[in-house]
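Everything on this sheet refers to the single structure shown next.
The values are calculated or read from the model by the stated rules, or taken from the named source; none is laboratory data. The structure displayed is predicted, hence computed values, not measured ones. Reconstructed Cβ throughout: ideal geometry from the backbone, glycine too, with neighbour counts over all protein chains shown.
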Amino acid sequence: MNRSNLLYNVIAIVILALVLFMFWNFAASTSYVEGKITSGGVVIDTLSTIYGYLYGMIPICCVLILFSLAVAFYLEEWLSHRSWQYRIIERIIAIFACIPSLVYGLFCAYFIVVKSQQISYLTLTIAVFFIVVPVTIRTTQQVIQKVDLSVREAAYALGAKRMRVIADHVIPNTFPMILTGIFTTISRVLAIAALFIVICGWKITESNSKHSFDIPNNAIVLLSSALLFSVISCLFEKKKSL
Amino acid sequence: METNNFSIETENLSLWYGDFQALMDVSVKIPDGKITGLIGPSGCGKTTLLRCFNRVNERYGNVTTKGEIKILGKNIYDSDVSLLELRKTVGMVFQRPNPLPISVYDNILFGLRIHSQFRSLTRTQSDEIVEEALTSVFLWDDLKDKLKTRATSLQLEQQQKLCIARLLPLKPKIILMDEPCSALDAKGTLAVEELMSVLAGTYTFLIVTHNMAQARRISDECIYMFLGELIEHRETQALFETPEHPKTADYVQMRYG
């Protein structure tokens, strides 16, 4: 590895560590779903769940998706496929991508129901991290690999630098397919969340008289959203330009 | 860069892909303003040699090069050589037509935009450059109404001509061609060959080809390579009619390859 590559790697790792550290602090210090306070205790109804989702999931998903895209572009455009770093990261991603998202949902449920008895950002972030990141990195990598080598060669042979090739050709040509991957991942997260609401909501309602979940409505809302995102991802897939 | 009678000179050039040696002590001088053909069986290192001249090979990471390459008298591995400037001077046309997946107009201007200041070209200047480049490759009449069309939707022959046209605004001194007609039919091949003949003199062409008839038709000088070694480099007619080396004779008389 030459000196400039080593420098890029160190900078990338420092930025990554900083982002994860800040995100971890944010996740660990914020609570997720706030219920409505009524005479019967705290009721977590459909609106609260939707609000919780908008407040909780959107920042988590945005950060994790951007992080995944950055990792995918770094792996495909900067790191040599023969380097040991690439091989190690690839193996780790492959292992996590192969685990069904249901396992992460159940892991999340276990920590909420058995350990903490409340839905926290941190538990949610960990579960969503493992559902979103490996799959998004994988799909984005595959899409980037589909960009015709001859297009890259043509641009490089004309004197274009790497960032120019990425900005002018790789991203515009892969964008619809990257969006398809992102929406499919969000859809998976929502579907898992529906299951999670059913298990945890039922268990929390049963064990804690001060909290109750509107389970069927919440699950239906989440499953409908999952379906909506699947449909959107199909629309983008049709627009793919590769 | 200073000019002499040779556009490209190599001295004991060797190249390895990992442990595999693809070029062995190649020393060659490519004359200015002529068409030089590179022939030889598959895997003999023609394309590798070609790609050395604008350092496109380096993108693959596991390439080791030894020896010297001079373009217009300047060693391209000197620390003060800009890769950007080198690729402006040495243009390249690939085996398969590879227009960028943008409009015809933007394809022509892509290289120029890389090498000039942001928004330094006025609309009128850009239009003139596009017209001039397309006229040089005899595409203006066909494409003047399709400048906003995606270049990938053109016919293969037009795409390959466009790939040549997009080099011209950069005013390169050398154009490397890696089997530029292998994806084209007879009509397309003829059109590209005619274009090369017209442009030769202004530009130095180095063309890799598997088509011996083509090498014979268009090149002024010819280089025969075999298993990474340069076997013979002579005027085309002499190389085909009175080859000095038995390996060259076997190849040009089609007893091998």
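Restricting the stretch B:66-120 to residues that are of a type in the set (D, E, K, R) and under 21 Å from A:ILE166 (Cα atoms), the residue that is nearest to the other protein chains (Cβ to nearest Cβ) is B:ARG87. On the stretch given as the stretch A:161-171, residues that are surrounded by fewer than 20 Cβ atoms within 10 Å (Cβ to Cβ) and touching a residue at least 24 places away in the same chain (Cβ under 8 Å) total 1.
For the stretch A:171-199, a tally of residues being within 12 Å of chain B (Cβ to nearest Cβ) and touching a Lys or Arg at 6+ places or on another chain (Cβ under 8 Å) returns 1.
Going through (1) in a loop (DSSP other than H, G, I, E, B); (2) among the small types (Gly, Ala, Ser); (3) closer than 26 Å to B:ILE207 by Cβ one by one, B:SER120 falls short only on (3).
For the stretch B:205-229, filtering for residues that are buried (at least 24 other Cβ atoms within 10 Å of the Cβ), over 17 Å from B:MET254 (Cα atoms) and not small (Gly, Ala, Ser) leaves 4. Out of B:LYS146, B:LYS187, one residue alone is touching a residue at least 12 places away in the same chain (Cβ under 8 Å), more than 29 Å from B:GLU85 (Cβ to Cβ) and assigned to a loop (DSSP other than H, G, I, E, B). It is B:LYS146.
Can you confirm whether the stretch A:153-160 contains a residue that is under 30 Å from B:LYS161 (Cα atoms), surrounded by fewer than 17 Cβ atoms within 10 Å (Cβ to Cβ) and within 14 Å of chain B (Cβ to nearest Cβ)? Taking every residue of the stretch A:153-160 in turn, none turns out to be under 30 Å from B:LYS161 (Cα atoms), surrounded by fewer than 17 Cβ atoms within 10 Å (Cβ to Cβ) and within 14 Å of chain B (Cβ to nearest Cβ).
One residue is enough: does the stretch B:70-83 have a residue meeting the conditions crowded, with 16+ Cβ neighbours inside 10 Å, out of contact with any Gly (no Cβ under 9 Å at 6 or more places or on another chain) and within 24 Å of B:LEU154 (Cβ to Cβ)? Looking for residues that are crowded, with 16+ Cβ neighbours inside 10 Å, out of contact with any Gly (no Cβ under 9 Å at 6 or more places or on another chain) and within 24 Å of B:LEU154 (Cβ to Cβ), one finds none in the stretch B:70-83, hence no.
The condition (being under 29 Å from A:GLU76 (Cβ atoms), modelled with pLDDT under 95 and out of contact with any His (no Cβ under 7 Å at 6 or more places or on another chain)) is satisfied by just one residue among B:ARG119, B:ARG51, B:ARG123: B:ARG51.
In the stretch B:122-133 there is no residue matching the filter, namely being loosely packed, with under 15 Cβ neighbours inside 10 Å and within 14 Å of chain A (Cβ to nearest Cβ).
The condition of being within 12 Å of chain B (Cβ to nearest Cβ), in contact with a Ser or Thr (Cβ under 8 Å, 6 or more places away or on another chain) and modelled with pLDDT of 85 or more does not hold for A:VAL165.
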